[in-house]
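Trainee: Take a look at the following structure, please.
The values are calculated or read from the model by the stated rules, or taken from the named source; none is laboratory data. For clarity, every value in this text was computed on a predicted model and none was experimentally measured. Note: ideal-geometry Cβ built from the backbone for every residue, glycine included; neighbour counts use all protein chains shown.
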Amino acid sequence: MNRFISSSKYILVVLSFLGFHTGEVRNSHLAKSPQRFANQVVVDVAHRTAAISPTMFGIFFEDINLAADGGIYAELIKNRSFEFDDPLMGWSQPASNRWSNNQSSGFASAINRGADNPNGHFLQVKVRSDENYVLMNEGFRGIGFKEGMKYQISLEAKVEEGNPRITLELLGSDSTVLGAQELMLTGKEWRNYQISIQASGTDAKGIFRIRFHGISVVDLDMISMFPSDTWRGRKNGLRNDLVQLLADLHPGFVRFPGGCIVEGRTLEQRYQWKKTVGPVEDRTTLINRWNTEFSHRSTPDYFQSFGLGFFEYFQLAEDLDAEPLPILSCGMACQFNTGELVPMDELDPYVQDALDLIEFANGPATSIWGKVRAGMGHPEPFHLKMIGVGNEQWGTDYFDRYQVFEAAIKSKYPDIRIVSGSGPFAEGEMFEYGWEALRQSKADFVDEHYYKPPQWFLDHAVRYDSYDRQGPRIFAGEYAAHDPLATDPLKKNDWRSALSEAAFMTGLLRNADLVQMCSYAPLFAHVDGWQWTPDLIWFDNLQSYGTPNYYVQKLYANNRGSHVLEMNLDRKPMTGQNGLYGAATWDEKTGELIFTLVNTAEGMQELPVHIENARSVSSQGTRIDLRHADLLGANSLMDPDLIVPEETMIPISGVDFTLALDGQSVTILRVQVER
Ligand code: AHR
């Protein structure tokens, strides 16, 4: 048994020579005259240093790594409406050959409806033989089928000639038929068909097949398939297991839709929220900027269907009881790509998009955009309180544009708080320049990003201790420790990265007066379709798991508390002495003192703890530990629970006790205290 496991039987040393006994302590005079020990942790429950914002720990959502299409958006058919650059991408017609005259069984062609039509293409199938012609869809790196699950299929069809019949089939990866149903197609007008097929087996790499019978000409569009177990059973819904992982985090906010995806490689390819609301079939498909971003992870089949659009993002935030935080283009394309700018005198439509979005979220159902929201089934407002202008922009071009947005938003909606950005750099000239401009502007929130090695996170646990308290509040909007020692891309979410983030986050918590939001990034990654790693949650077509970094986020978000308390180790904040990091908070709702402690040292450490100004302390505390002996250890689809929190009840001997922290561990301790 390794030393971490053997030491996991939490050593609680009762300081009996102080005269304390296990059980409630009501001798408040004892609490006020503590004995001091070397390395003693002292928490003063009467000294609150800051209120913690309910938005403190949130989530950053971006459609990168197949996070939306192929991920949380539960649609199983790739290129369902034939709108990719190659309209037949994702589809195959094995009995036919596009490049020769061998089309005796039949052939499908994309028909262009014209550039003005948001649903630009449909498929025309000429069936030339009675039985042989088939069309297959490969899904997103395969289609996940679960035994017993029903799959809801819908499609639009119009019959040009003949009396066609089709068989819709769920196939396993070895072509075994897992379910099938026949459909007669009729009528010369577009008609919607809906059927449900139950899968008789489980396969993560299944295929969808349509077999055509009867010589005919058929037009097809919006061929769509969802599992019946979507989140809250919604149509056009989200993948249940992935939303559940988010719900378990109890996030304070949901930032969407990114990330660089907001900006686009070009302005033309920026995220335009108005094109993502209303009927799903009218949402214009757009290339995903991560399609071409990394040549070593080229993803030519990555497009945005916008089935998960702004309405669905707002609804997700509402479901999670989190504040929505949409981020919009500020008229600058990604500066790592083209850096295209909209001229200052043509910025109006971009600013109008921001104003209209606030109306879409909050306006009455009688307003122009409130009516669109109501038409989608949500007459009540979404109570939007914050909006982001630009993602990772830098330089004067950004601040010139930001100021125009700020003036327009604040004049029409003075209560909306605006998130601005300090760019992609965590320090340096452009970072300083940006901060100065935003300070001058009296910006509400500055979004800082840092993707850095684990040591940087340890060294920067004190980052915000010295920040100006009079300036803008902080949104640590994208961060993740990138461990250069983790060589397998799927294992970059190793324990070292998570532990260093945990240590850093004690600094965020301690500075909760200033830091009011933070989020790990990116959120999701498909094991067969990622472009960027590390990521918080990984999945394939059937399964998903949280990384150790996920469990760190979960521990912090679920044990946030309402106020920061003064906590010192040897009379100084716990910011790395002997590899120890920590913060203490108070939970006003439950009357609990919460310790968040990180031991980055290899060995176990015993900490004498003293609670000051407590009238009584409960005789038990809830202790949650996240620990692992191997810093390169990581969870995986095969071993999703290698590094997960363990919860126990432990005895608390009174206002003085000793807490043993395992080497390389994160510990939460919740203790009921009467002040
Ligand atoms: O999280 C991945 C990317 O990192 C985001 O899109 C961008 O904002 C940052 O550069």
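Trainee: Only one of these is touching a residue at least 12 places away in the same chain (Cβ under 8 Å), assigned by TED's automatic domain parsing to the domain that holds K385 and within 24 Å of T55 (Cα to Cα): D494, D528, D465. Name it. Spell out the reasoning first.
Mentor: Numbers: D494 fails: within 24 Å of T55 (Cα to Cα); D528 fails: within 24 Å of T55 (Cα to Cα).
From the options D494, D528, D465, the qualifying one is D465.
Trainee: While we're looking at this one, here's another question. How do the strands (runs of 3 or more DSSP E) wholly within the range 520-594 filter down when requiring 3 or more residues that are of a type in the set (D, E, K, R): which remain? If you could, list the steps in order and put the result at the bottom.
Mentor: Working: elements: 524-526, 537-539, 544-546, 563-569, 580-587.
Here the list is empty.
Here is a yes/no grid of residues against (1) within 20 Å of L328 (Cα to Cα); (2) away from the ligand (no atom under 16 Å from the Cβ):
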| residue | (1), (2) |
| --- | --- |
| I368 | yes, yes |
| P379 | no, yes |
| E406 | yes, yes |
| D415 | yes, yes |
| E436 | no, yes |
| D447 | yes, no |
| I474 | yes, yes |
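Yes/no per residue for (1) under 24 Å from L509 (Cβ atoms); (2) in contact (Cβ under 8 Å) with a residue 40 or more places away in the chain; (3) not aromatic (F, W, Y):
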site	(1), (2), (3)
F382	no, yes, no
Q403	no, no, yes
V419	yes, yes, yes
E436	no, no, yes
P454	yes, yes, yes
F475	yes, yes, no
L485	no, yes, yes
A498	yes, yes, yes
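Trainee: Which of the residues spanning the range 279-305 are part of a loop (DSSP other than H, G, I, E, B) and either in the same structural domain as I387 (by TED's automatic domain parsing) or of a type in the set (S, T, N, Q) (or both)? Write out each step before concluding.
Mentor: As a first pass, look at the range 279-305 and keep what is part of a loop (DSSP other than H, G, I, E, B): 279, 283-285, 288, 292-294, 298-302, 305.
Of everything in the range 279-305, those that are part of a loop (DSSP other than H, G, I, E, B) and either in the same structural domain as I387 (by TED's automatic domain parsing) or of a type in the set (S, T, N, Q) (or both) turn out to be P279, R283, T284, T285, N288, T292, S298, T299, S305.
Every residue, every condition in (1) in contact with a strand residue (DSSP E or B) (Cβ under 9 Å, 6 or more places away or on another chain); (2) buried (at least 17 other Cβ atoms within 10 Å of the Cβ); (3) closer than 18 Å to Q304 by Cβ, yes or no:
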residue: I77; (1), (2), (3): yes, yes, yes
residue: S81; (1), (2), (3): yes, yes, yes
residue: Q93; (1), (2), (3): yes, yes, no
residue: S104; (1), (2), (3): no, no, no
residue: N112; (1), (2), (3): yes, no, no
residue: N119; (1), (2), (3): yes, yes, yes
residue: Y151; (1), (2), (3): yes, yes, no
residue: E156; (1), (2), (3): yes, yes, no
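Trainee: Take the conditions in contact (Cβ under 8 Å) with a residue 60 or more places away in the chain, under 19 Å from Q553 (Cα atoms) and outside the structural domain of A502 (by TED's automatic domain parsing) and apply them to T600. Does it pass?
Mentor: Details: in contact (Cβ under 8 Å) with a residue 60 or more places away in the chain: yes; under 19 Å from Q553 (Cα atoms): yes; outside the structural domain of A502 (by TED's automatic domain parsing): yes.
Spelling it out, T600 is indeed in contact (Cβ under 8 Å) with a residue 60 or more places away in the chain, under 19 Å from Q553 (Cα atoms) and outside the structural domain of A502 (by TED's automatic domain parsing).
Trainee: If you don't mind, another one. Can you tell me which residues in the range 283-329 are without any contact (Cβ under 8 Å) to a residue 60 or more places away in the chain and not small (G, A, S)?
Mentor: Going residue by residue through the range 283-329, those that are without any contact (Cβ under 8 Å) to a residue 60 or more places away in the chain are 286, 289, 291-292, 295-296, 298, 306, 309-310.
Selection gives L286, R289, N291, T292, H296, F306, F310.
Trainee: Give the number of residues within the range 253-307 that are crowded, with 19+ Cβ neighbours inside 10 Å and within 16 Å of M376 (Cβ to Cβ).
Mentor: Residues flagged as crowded, with 19+ Cβ neighbours inside 10 Å and within 16 Å of M376 (Cβ to Cβ) within the range 253-307 amount to 7.
Trainee: Exactly one of (1) out of contact with any strand residue (DSSP E or B) (no Cβ under 8 Å at 6 or more places or on another chain); (2) modelled with pLDDT under 85 is unmet by E131. Its number?
Mentor: If we test E131 against (1) out of contact with any strand residue (DSSP E or B) (no Cβ under 8 Å at 6 or more places or on another chain); (2) modelled with pLDDT under 85, just (1) comes out false.
Trainee: Across the range 38-75, what is the total count of residues that are part of a loop (DSSP other than H, G, I, E, B) and away from the ligand (no atom under 16 Å from the Cβ)? Before you say what the answer is, go through the steps one by one.
Mentor: The initial filter retains those residues of the range 38-75 that are part of a loop (DSSP other than H, G, I, E, B), namely 38-40, 52-56, 58, 61-68, 70-72, 74-75.
After this cut, where a residue has to be away from the ligand (no atom under 16 Å from the Cβ) as well, the list is 38-40, 52-56, 70, 74-75.
So the answer is 11.
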